[in-house]
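See structure below.
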Amino acid sequence: MAILEVKNVGKRFGGLQALGDVNLNVEENTCHAIIGPNGAGKSTLLNCLVGKLIPDTGSVMFDGQSVLGRKPYEINQMGISRVFQTPEIFSDLTVMENMLIPCFAKRDGAFRMHAIGSIEKDQDIVGKAEQMLIDMNLIDKREMQSSSMSRGDKRRLEIAMCLAQEPRLLLLDEPTAGMARADTNNTIDLLKQIKDERDITIAIIEHDMHVVFSLSDRITVLAQGTPLVEDTPDKIKGHPKVREAYLGESQDAA
Amino acid sequence: MDAIILQFLNGLDKGSAYALIALGLTLIFGTLGVVNFAHGALFMIGAFCSVTVQRILTLSSESLSATEKDFLGNPLKIKTPYVENWFGPEVGAALIDWSVPLAIVFAIPVMLLVGFIMERGLIKHFYKRPHADQILVTFGLAIVLQEVIKYFYGANPLPTPAPSVFVGSFDFGPLLGLDTSLAYPYWRLVYFAFSAAIIGAVFAFLQFTTFGMVVRAGMADRETVGLLGIDIDRRFTIMFGIAAAVAGLAGVMYAPINSPNYHMGMDFLVLSFVVVVVGGMGSLPGAVLAGFMLGILESLASMNEIKNILPGIDQIIIYVVAIIILLTRPRGLMGRKGVMEE
Amino acid sequence: MFGLNKRDAGLLLVVAGLALFAPFLLNPFPTDSAMAQFNAGYPDLMQRFVIFGVFAVGFNLLFGLTGYLSFGHAAFLGIGSYSAVWMFKLLGYNILPGMILSVVVSAVFALMIGYISLRRSGIYFSILTLAFAQMLFAIAYSDLIGRFFGTPITNGETGLQVYTSDPQFFHSENLPDIPHIFGQKMQSTYTLDVGAWSFDFNFGYYFCALILIAAFYLAIRIFRSPFGLMLRAVKSNQQRMNYTGLNTRPYTLAVFVISGMYAGLAGGLMASMDPLAGAERMQWTASGEVVLMTILGGAGTLIGPILGAGFIKYFENIFAKINDNVLHSWFSFMPDGLENLMVALVHPFVGKGWHLTLGLLFMLVVIFLPGGLVEGGQRIAQRLRGKKAAEKATDTSKTPAE
């Protein structure tokens, strides 16, 4: 069953048709990659899914409910978490504090006035956050201020924060952009592990073909705001249209 | 009816002052991304340029009168301004009489210098700091400038008369075909014309010079302009100086309308912020439009007929209008999308 | 202790100690000595210390935690004062109803102002709060509201005060004609003479001090609560907040209202010490003052605002007393010429020049010491502890504690 259904979505900025007529189904518990050259509309599409942009036409259904017109925090509470291109974390706070926030958000919802209680005494939340840090190999950095971590660790923390919310759909926006090779490989391993161990659907936007082919079950190729083809990684690799439009050039270059 | 016209006219010069200060604030904000809480102090320094020039011109030598004696029989001390000694009594007296317009010549370099020093010495270091820090440090600077002026000039307002040619009023009554007279002080007309000229000059400068074009491009998209290899920082420093000069000149000519005092800057600043926000942050035409609009509104609301029913409404109405506009048009009258949205 | 960890409990004890022993601490010099002018243990001055402490602690909850810089917080101070004086006029001089009403009314106003202002952040928010406060100031100053009721509500320029013709419903013969709690007068003072020293113990001061301690305790709890964590998250990254399923608006509005209630409480206390309320209490200069106090002491730290409030109020009082005679006596050891030069150099910064010093000090703090006096203290402590300990201290200084 498709957990995310994108139907006839179009978005126009002034004279620029950023998205033409996008149809896309993401099946539950798969990893679906969206690739395409620069300016293909990948980020616009992603922003339409999380409530940052509202498409001019079409519909976006998550688990049978429309996400259109909802605010980002409402869509998140429905079960969609997003990882940003540059890690968005609470850089003034410690790693542990970063981890506590999504745990509270999962349990207490979008707002709860909890002004007198002590965090330390909230064993459920603290335990859950600690467990997550252990799972993600961040426990030794627990009291570190998150801004002083390496880029790879920041990415790891951001993913951990998203997972702490137990989302049904995890959206990744170029998760390895600007990373060194070693960090990229670590991130791939981490994502593979997440995919195998958890009941989670992943949608990923990525430039790096290595990342795309090592993770995804299905790939949609976007060009000039419309999907070109959608298929399994093996078929995409050999697809003449894709080679011509996109892959051919980059593989030759590599 | 005539009272309304008169208040409308009165509103023009208060509006001019708001518009000029708001224009400078917008230039600084649009180019440097800094909210300058010390901008009112620049207006105030301008007004004190008038006071200073007047004081310099009236510096006098003392001599003993040969003929006149005081009541004790001693020769009377006569003060003669040096300018009268140097240029003769008539030219000297005329210079003193015209000290406020002459102060413009004095104020331009002073204000440019103050602007450059402020930008290079202080504001520059705050571009990358949070907005709250920028507000705080310029707020601190405003207090310091205000206290320095207070130290040198005292706390009392200092009357600074306009040239005697402009003493008196122009009667708009006959001109508008009214039976009653509609006296409007000449100096206020001068002030309005002067402000209009400055506003025009700033817009022409931004519109027709290469420098202005770069600045406008920088206001729209700083990074892209930076990529073109244009030294945008230096231009912005000059722009800060110009904004300071605009505020200063607004102050110079305002001195005869309201006797300069050390806290006049802050009084104007608070309202100028409201003007900027109502006009739409980052919009130069918006700042001018809102400046005149709110100035006239304030003036109309201060009519006795209205004040008798609603005391203090002239001070209140501006804020009420500002809040209503911001609720209905969050970007202000002419604000662009994307300016200070976060 | 009281649900606090050791460090916070220690901090609370320090504040409680400072507040309770202030009459001794602030009067270190014998009454007749030349240094007596630097004593600050007078009831009305001490009351101001703690009342502004409450105000600044509340302001810091908003600014220190969320980074939203309100430039109109004095509006709530004034509203608190007016509410309290109205209770005196209607019910009588017992201050408790006044205190309650001042908190409630300022909460209502904070809810309205915050609801609108918090639609925007950054500079817009600062200017909106400034505009609201100036509007309320203008309304109070002209008593526009009173026009509609046919009776003065704020009493314009004169200020609101209690007249003998007021109803004072619960007033009776045996109750005092000045603010009191169940007959115990606010201004009653017991003076203790010990040798050359004399110490004033004022009932009103101790009442305010207890409220400060309670307010500070509550602030610590809020800082350490999940709510406080969310507020720091708002300051750090609103985008991540939204994409973590958290609605930032109710969080900021809630803390804005709490902060407004603190200011209202401070205003109510002011009126309880001196049953007057004037519009100037709401002017932007008063809002600027609490900003100065909080930043100077250390925004976002727990004890900073209290230190800042005490620091500014103390030096405001002391500096005002330093005139040229005092300066000459300080520099009298120097040769005459040099003495005069020194006096001339220092003169602009003391006496009436206090605001100049304050402005300069404030700028220096913003530029070089964004953490205020607390950060300064920490840096000195680091120096003293040596380098190795210093590295450890850097880590702890980043958690918003102390």
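The values are calculated or read from the model by the stated rules, or taken from the named source; none is laboratory data. Computed from a predicted structure; not experimentally measured. Cβ coordinates were reconstructed from backbone atoms using ideal geometry, including for glycine residues, and neighbour counts include every protein chain displayed.
The rows are residues; the columns are (1) away from every other protein chain (no Cβ under 14 Å); (2) polar (S, T, N, Q); (3) touching a residue at least 60 places away in the same chain (Cβ under 8 Å).
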| residue | (1), (2), (3) |
| --- | --- |
| B:Trp86 | yes, no, no |
| B:Pro109 | yes, no, no |
| B:Arg120 | yes, no, yes |
| B:Thr138 | no, yes, yes |
| B:Pro163 | yes, no, yes |
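Return yes or no: is A:Phe62 among the hydrophobic types (A, V, I, L, M, F, W, C), within 14 Å of another protein chain (Cβ to nearest Cβ), within 18 Å of the chain's Cα centre (by Cα) and under 19 Å from A:Ile205 (Cβ atoms)?
yes
Any chance the range A:96-113 includes a residue that's within 7 Å of another protein chain (Cβ to nearest Cβ), in contact with a Pro (Cβ under 6 Å, 6 or more places away or on another chain) and more than 17 Å from A:Leu46 (Cβ to Cβ)?
yes
Considering only the range B:115-135, state which residues are of a type in the set (Asp, Glu) and over 22 Å from the mean Cα position of the chain (by Cα).
Result: B:Asp133, single match.
Residues of the range A:115-173 being closer than 23 Å to A:Glu197 by Cβ and of a type in the set (Gly, Ala, Ser), which ones?
Hits for the range A:115-173 are A:Gly127, A:Ala129, A:Gly152, A:Ala160, A:Ala164.
Restricting attention to the range B:82-101, which residues are touching a helix residue (DSSP H, G or I) at 6+ places or on another chain (Cβ under 6 Å) and either surrounded by fewer than 16 Cβ atoms within 10 Å (Cβ to Cβ) or within 26 Å of B:Gly251 (Cα to Cα) (or both)?
Residues of the range B:82-101 touching a helix residue (DSSP H, G or I) at 6+ places or on another chain (Cβ under 6 Å): B:83-84, B:92, B:95-97, B:99-100.
Selection gives B:Val83, B:Gly92, B:Leu95, B:Ile96, B:Asp97, B:Ser99, B:Val100.
How many residues are within 14 Å of chain B (Cβ to nearest Cβ) and either more than 17 Å from C:Val255 (Cβ to Cβ) or of a type in the set (Ser, Thr, Tyr) (or both) if we restrict to the range C:72-127?
Final tally of qualifying residues: 8.
Of all residues being assigned to a loop (DSSP other than H, G, I, E, B) and more than 12 Å from chain C (Cβ to nearest Cβ) in the range A:114-139, which is surrounded by the fewest Cβ atoms within 10 Å (Cβ to Cβ)? Just the residue, please.
By that ranking, first place goes to A:Asn137.
More than 11 Å from chain C (Cβ to nearest Cβ), assigned to a loop (DSSP other than H, G, I, E, B) and without any contact (Cβ under 8 Å) to a residue 40 or more places away in the chain: which single residue out of A:Leu68, A:Leu53 fits that description?
Residue meeting the stated conditions: A:Leu68.
For the range A:192-205, which positions are within 15 Å of A:Ile34 (Cβ to Cβ) and out of contact with any Lys or Arg (no Cβ under 9 Å at 6 or more places or on another chain)?
A:Ala203, A:Ile204
Would you check if B:Gly229 is at pLDDT below 90, farther than 22 Å from B:Gly332 by Cα and surrounded by fewer than 24 Cβ atoms within 10 Å (Cβ to Cβ)?
Judged against the criteria, B:Gly229 is a match.
Those residues that are assigned to a helix (DSSP H, G or I) and more than 18 Å from C:Phe55 (Cβ to Cβ), I need them from the range C:73-99; list them, please. Outline the logic, then answer.
Residues of the range C:73-99 assigned to a helix (DSSP H, G or I): C:74-90, C:95-99.
Answer for the range C:73-99, where residues must be assigned to a helix (DSSP H, G or I) and more than 18 Å from C:Phe55 (Cβ to Cβ): C:Trp86, C:Met87, C:Phe88, C:Lys89, C:Leu90, C:Leu96, C:Pro97.
For the range C:272-300, name all the residues that are assigned to a loop (DSSP other than H, G, I, E, B) and either surrounded by 24 or more Cβ atoms within 10 Å (Cβ to Cβ) or in contact with a helix residue (DSSP H, G or I) (Cβ under 7 Å, 6 or more places away or on another chain) (or both).
Listed by number, the residues that qualify are C:Pro275, C:Gln283, C:Gly298, C:Ala299, C:Gly300.
Quick grid of which residues meet (1) touching a residue at least 12 places away in the same chain (Cβ under 8 Å); (2) farther than 30 Å from C:Thr154 by Cβ; (3) among the aromatic types (Phe, Trp, Tyr):
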site: C:Ala254; (1), (2), (3): yes, no, no
site: C:Tyr262; (1), (2), (3): yes, no, yes
site: C:Ala277; (1), (2), (3): yes, no, no
site: C:Pro305; (1), (2), (3): yes, no, no
site: C:Tyr314; (1), (2), (3): yes, yes, yes
site: C:Leu327; (1), (2), (3): yes, yes, no
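Hey, does the range A:95-102 have a residue that's surrounded by 22 or more Cβ atoms within 10 Å (Cβ to Cβ), of a type outside the set (A, V, I, L, M) and at pLDDT 95 or above?
yes
Mind checking which residues of the range B:18-55 are more than 18 Å from B:Pro157 (Cα to Cα), assigned to a helix (DSSP H, G or I) and of a type in the set (A, V, I, L, M, F, W, C)?
Those that are more than 18 Å from B:Pro157 (Cα to Cα), assigned to a helix (DSSP H, G or I) and of a type in the set (A, V, I, L, M, F, W, C): B:Ala19, B:Leu20, B:Ile21, B:Ala22, B:Leu23, B:Leu25, B:Leu27, B:Ile28, B:Phe29, B:Leu32.
Select from the range B:292-342 the residues that are part of a helix (DSSP H, G or I) and of a type in the set (D, E, K, R) and write down the one among them that is modelled with the highest pLDDT.
So the residue we want is B:Glu298.
Hey, could you check the range B:144-160 for residues that are farther than 19 Å from B:Glu119 by Cβ and facing chain C (nearest Cβ under 7 Å) and say which is surrounded by the most Cβ atoms within 10 Å (Cβ to Cβ)?
In this case the residue turns out to be B:Glu147.
Within the range C:147-181, can you find the residues that are within 28 Å of the chain's Cα centre (by Cα), over 26 Å from C:Gly41 (Cα atoms) and in a loop (DSSP other than H, G, I, E, B)?
C:Ile153, C:Thr154, C:Asn155, C:Gly156, C:Glu157, C:Thr158, C:Gly159, C:Val162
Residues of the range A:71-95 being within 7 Å of another protein chain (Cβ to nearest Cβ), assigned to a loop (DSSP other than H, G, I, E, B) and more than 22 Å from C:Leu61 (Cα to Cα), which ones?
Listed by number, the residues that qualify are A:Glu88, A:Ile89.
Only one of (1) at pLDDT 85 or above; (2) in a loop (DSSP other than H, G, I, E, B); (3) surrounded by fewer than 17 Cβ atoms within 10 Å (Cβ to Cβ) fails for C:Leu192. Which number is that?
C:Leu192 satisfies all of (1) at pLDDT 85 or above; (2) in a loop (DSSP other than H, G, I, E, B); (3) surrounded by fewer than 17 Cβ atoms within 10 Å (Cβ to Cβ) except (2).
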